[in-house]
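Since the structure comes first, as structure tokens, the remarks are kept for the end.
The values are calculated or read from the model by the stated rules, or taken from the named source; none is laboratory data. Source: prediction; values computed, not measured. Using ideal geometry, Cβ is built from the backbone for each residue, glycine included, and neighbour counts are taken over all protein chains shown. Just the protein is used for accessible areas: all its heavy atoms, side chains included, with ligands, DNA and RNA removed. Shrake-Rupley method; radii C 1.70, N 1.55, O 1.52, S 1.80 Å.
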Amino acid sequence: MGMLTETALKGYKEYTKAELAYAKYRIGDSYYRAEIMSREYLADGRLAVKIMIDHPAPGNLTISEIQLYDTNNNLWLKKPENIMREDVTAGILYRFTFDFHEN
């Protein structure tokens, strides 16, 4: 049994949900901003954060990294990726999930 109460874990979830402000994604050597579309709790209690990557440039492209920033513009996380978008007009829906528990 952990030391943290369910109330404490819920507080960490709520803090994270409120603090995440926007994302950035990397194409080549450049980073582009993407807005967070939604923040919601899944049935299993995890926090899901969804962003839409809707890059305006035509043609094929590869997203090599996705980052999340807080309300003070501080980098909270970065994740290497290899997401390829073919020459289409549709965006890419990307979802982070956070599982809060004590080991």
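Of all residues in the range 1-44, those satisfying the criterion of being open to solvent by 80 Å² or more (accessible area, probe 1.4 Å), under 19 Å from the mean Cα position of the chain (by Cα) and hydrophobic (A, V, I, L, M, F, W, C) are Met37, Ala43.
The requirement of being within 14 Å of the chain's Cα centre (by Cα) and under 18 Å from Ser38 (Cβ atoms) is satisfied by Leu68. Selection of the range 45-79 for residues being touching a helix residue (DSSP H, G or I) at 6+ places or on another chain (Cβ under 6 Å) and open to solvent by less than 40 Å² (accessible area, probe 1.4 Å) yields Leu47, Asp70. Looking only at the range 52-97, which residues are of a type in the set (Lys, Arg) and at pLDDT 95 or above? Passing the criteria: Lys78, Lys79, Arg95.
Being within 27 Å of Lys13 (Cα to Cα), of a type in the set (Gly, Ala, Ser), modelled with pLDDT of 95 or more and over 11 Å from the mean Cα position of the chain (by Cα) is a description that does not apply to Ala48. For the range 80-99, the candidate set comprises residues that are farther than 25 Å from Tyr15 by Cβ and touching a Ser or Thr at 6+ places or on another chain (Cβ under 8 Å); within that set, the residue that is least open to solvent (accessible area, probe 1.4 Å) is Arg85.
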